[in-house]
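Notes for the one structure printed next.
The values are calculated or read from the model by the stated rules, or taken from the named source; none is laboratory data. These numbers were taken from a predicted model, which means no experiment stands behind them. Methodologically, a virtual Cβ is constructed for each residue, glycine included, from the backbone with ideal geometry; neighbour enumeration extends over all protein chains shown.
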Amino acid sequence: MRYSFWAWLFFAIIAQPSFHCAYAQIPETRKEISLSFAPLVKKTIPSVVNIYAARQIRARSPFDGDPFFEQFFGRFQNNRPLRTQSSLGSGVIVDARGLIVTNYHVIKDASEIKVALSDGREFDSKIMLKDEATDIAVLEINAKGAQFPILPLGDSDTVEVGDLVLAIGNPFGVGQTVTSGIVSAQARTRVGISDFDFFIQTDAAINPGNSGGALIDMKGQLIGINTAIYSRSGGSVGIGFAIPANLVKVMLETVKRGGKYFVPPYIGASFQNVTPDIAGGLGLERPYGALVIEVNKDSPAEKAGLKVGDVILSVQGMRVVSPDGLGYRLMTAGMGQSLILEYLRSGKTFKTKINISSMPESAFSKSEKIIDEGPLSGAEILDLTPQNSRRFHLPTSARGVVITNIDEMSNAAGIFRPGDILRVVNGHKIQTVSQLKKILMQGRQRVWQLEYERDGMYIRQFIR
């Protein structure tokens, strides 16, 4: 009787319609699978290309980076033999005539650039624009009259955390590869990738070789250019970064106007982050915005009424999280535009209109060449200002004297490198080029005391 009851219960359950429906819902063919990226991939992958860049470099020495070695033998390093170094990357076709967007670091110093399409065709290409600060480069395929498939550019400002995305590129040179993920964070800053710090973060797998590849949304639109990963092993750990597509649009507009270089917007002011202590003193609920620390005379910022101590809260109604975020809003607005800034002053909020202009020639300092018998002979030096510090990946607040170029076979070639920041010469703290020139004119020293910064390291040397 006991076994009869359980047998009856079993047959009663399987006889229920819901039981049969559960089995009926299991897809038996690929057509029955409701979620697939295949149609989207087929539509977009022809617009993503592989990039092969070749550059000429000098053979390295095991003593590179040794200050003692460079002091005595540095000037002879330019006699080392050249060899060809190849690098792999990705790019995205954004114009039917063959304009490709990629990363600057993919094609940096390249003497030859080849582009391979997904259909197997290969073309030579040339550089139309390159900007190290934003890590963006624009190439053009050498194929007159040809038409190429393109990826339309989306509005990266509308991207939300949690949106599904696909990353397409050429990781490790294995060929075109597609990975999926979500937008992990917006407006990610201070990640140490480039001077420009404003990225879309994603957990879609991005590996070496993906640089310059596409980050697309579910509409098949380009929302970002994959540029870097955060990893200690060199492989993907689910933290990748992409340059927003709205910045790419600005670069393309520059190219279409015939520009070879990107001219950053200028408002004539310097900013710093709002710390928790500053936020508390200003009455802000939490630290955000861009604190004005300097306003240049006769600049758009001064004409707009901005003053030191003001905190920029929003641009065109879009919240400003940090100075990097403010820089992004200005860069993507376009030259000649008028923007509405909301700012905090003395506990009250105000609005003002500011005009975005190109940087005036007077805002740039020009390099000066050192000609004497000392260790700086042959070096070109420049005052660090908020305007030209961008060229050397330094904060706009950085001050001092930077070396911009060095003549081969000169005294300086055996000691310094372009980008070194001079701090102390013979016990004198260096602030400006004019001050340094006065020190050098004081006469020949038997022993030179030099202190300078290189790649974040402080170096002290005594040279006879």
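Applying the set (1) surrounded by fewer than 21 Cβ atoms within 10 Å (Cβ to Cβ); (2) touching a Ser or Thr at 6+ places or on another chain (Cβ under 9 Å) to Leu153 leaves exactly one unmet item: (2).
In region 239-342, counting only helices (runs of 4 or more DSSP H) that sit wholly within it, the ones holding 2 or more residues that are of a type in the set (A, V, I, L, M) and touching a residue at least 60 places away in the same chain (Cβ under 8 Å) span 245-256, 323-333. Val178 passes every criterion in (1) outside any loop (DSSP other than H, G, I, E, B); (2) at pLDDT 75 or above; (3) within 15 Å of the chain's Cα centre (by Cα) apart from (3). The set of residues in region 343-359 being without any contact (Cβ under 8 Å) to a residue 24 or more places away in the chain and surrounded by 15 or more Cβ atoms within 10 Å (Cβ to Cβ) is empty. Mind listing whichever residues of region 217-245 are at pLDDT 90 or above and either surrounded by fewer than 21 Cβ atoms within 10 Å (Cβ to Cβ) or over 18 Å from the mean Cα position of the chain (by Cα) (or both)? Passing the criteria: Asp217, Met218, Lys219, Gly220, Gln221. Of the residues that make up region 163-175, is at least one under 23 Å from Thr44 (Cα atoms), of a type outside the set (S, T, N, Q) and at pLDDT 95 or above? No, region 163-175 contains no residue that is under 23 Å from Thr44 (Cα atoms), of a type outside the set (S, T, N, Q) and at pLDDT 95 or above. Among residues that are surrounded by fewer than 23 Cβ atoms within 10 Å (Cβ to Cβ), assigned by TED's automatic domain parsing to the domain that holds Ser184 and not in a loop (DSSP other than H, G, I, E, B), Leu166 is included.
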